[in-house]
Amino acid sequence: MTGITSGEGGVGSRRRGRPPRTESADTRDRILSAAREEFSERGYEKTSVRGIAKAAGVDSALVHHYFGTKEQVFEASVEVAFAPAFKVRDLVFQGPLDDVGERMTRFIFGLWENPVSRKPLLAIVRSAVNTEAAAAVFRRLVSAQLMRRLAGELDAPDAELRAELAAAQLVGVAMMRYVIKIEPIASVDVEQIIARVAPVVQGHLTGR
């Protein structure tokens, strides 16, 4: 019998099992992108796996296959969106500790001032503020990926507390400027903010 068969090994067949690696990566990235948009626009509580799947153009089962629960999708999207901030230790501590406060402050506000990185940051912060499940994910990632790394660079017995206080200063000002948008802090030139906040951050990190 001649012709193309649809059985295993045939030209027209499609292998069952896991999709090719490139296809998997593309699908995973598409789901993450859709998740960030959904969390940004709807918040954590109103976002569903079904909604993420619809926005990504895939079946809900695929979202569960790649990520699991909604909380796990959120954690993955936070990790990707917050990845630049996780590099803060490597970038900020490349220089003397005497001006580490300014470097850290300038780096963090550089992320917020950039429209590309600002949108996912807003989605993360808003979800964490409004929902305990999202806040737990955010705390876990920030503690493991950011605070401990920063503390590891400080030669002080209370290094972790110092790192957390510095981060609290920066997050608090960012919340008022970009999320709550309280004037005049919301519209003042960012260089003025850096000039006033950096010494405080420096004090938290290295002050006696």
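Coordinate-derived values only; no laboratory data. Keep in mind that what you see is a predicted model, and the values were worked out from it rather than measured. Cβ: placed from backbone, ideal geometry, glycine included. Neighbour counts: every protein chain shown.
Listed cross-link partners Lys54/Lys87; Lys54/Lys119; Lys54/Lys181; Lys70/Lys181 are compared with a 26 Å cut-off, the Cα-Cα value being larger for Lys54/Lys87; Lys54/Lys181; Lys70/Lys181.
Separation of segment 98-118 and segment 173-208, taken as the distance between their Cα centroids, equals 10 angstrom. Once you have a ≥ b ≥ c as the square roots of the Cα gyration tensor eigenvalues for segment 155-208, tell me rounded if a/c is under 1.5, and otherwise prolate or oblate according to whether a/b is larger than b/c. Verdict is oblate for segment 155-208.
Computed from label points 7 Å out along Cα-Cβ, the spacing between Arg50 and Ala135 is 2.9 nm. With a ≥ b ≥ c taken as the square roots of the eigenvalues of the C-alpha gyration tensor of the chain, please select rounded if a/c is under 1.5 and otherwise prolate if a/b is larger than b/c or oblate if it is not? Prolate.
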